[in-house]
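Asks: Sharing a structure below in structure tokens format, with a few things to ask.
The values are calculated or read from the model by the stated rules, or taken from the named source; none is laboratory data. Fair warning: this is a prediction, and the values are worked out from it, not measured in the lab. Cβ coordinates were reconstructed from backbone atoms using ideal geometry, including for glycine residues, and neighbour counts include every protein chain displayed.
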Amino acid sequence: MIVRTTLFPFVLVLALLVQDCRPSARSHRSYDEIRDLAAGRTAAEVERLLGPPDVRQAVLDDERWVWWSYTVLEGPQYAPEVRGQLVHLVITFQKTAEGWRVGGPLAVSYSLPAPRR
């Protein structure tokens, strides 16, 4: 009984340390939820929903916004080796008469972070 009582705080602290070592997503929404939510929205609407991006890039006549380590891939449609993985969210906006708007079906995408060394 004494061994259990003295080991419990140690195990609890160790579990908390391990949890803090893993990077966590900045959003509580999955990539798929964000993709569906952002479809067809204006740049101002997306920024209100997701917050300001970490990077804005001009790409030809479009604009690409990137949020670093923003969300995770969830669901059986992803291969087991990437399922649950933290990803960078990438949204490409097209210039329209009303302003910048999320483009077609491939306008919301993700990129995998570089592997940790």
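Asks: Could you please give the count of residues in segment 86-117 that are crowded, with 16+ Cβ neighbours inside 10 Å and either more than 16 Å from the chain's Cα centre (by Cα) or farther than 11 Å from residue 64 by Cα (or both)?
Replies: 9
Asks: So, residue 59, is that one touching a Ser or Thr at 6+ places or on another chain (Cβ under 8 Å) and loosely packed, with under 15 Cβ neighbours inside 10 Å or not?
Replies: Yes: the conditions hold for residue 59.
Asks: Taking the options 44, 15, name whichever one is part of a helix (DSSP H, G or I) and modelled with pLDDT of 95 or more.
Replies: 44
Asks: Determine whether segment 68-82 contains at least one residue that is surrounded by fewer than 16 Cβ atoms within 10 Å (Cβ to Cβ), under 26 Å from residue 114 (Cβ atoms) and of a type in the set (Asp, Glu).
Replies: yes
Asks: Which condition number in (1) modelled with pLDDT under 90; (2) under 26 Å from residue 116 (Cβ atoms) is the one that residue 7 fails?
Replies: Of everything listed in (1) modelled with pLDDT under 90; (2) under 26 Å from residue 116 (Cβ atoms), residue 7 misses just condition (2).
Asks: Quick test for you: out of 90, 55, 108, pick the one residue that is among the β-branched types (Val, Ile, Thr), in contact with a strand residue (DSSP E or B) (Cβ under 8 Å, 6 or more places away or on another chain) and under 16 Å from residue 25 (Cα atoms).
Replies: 90
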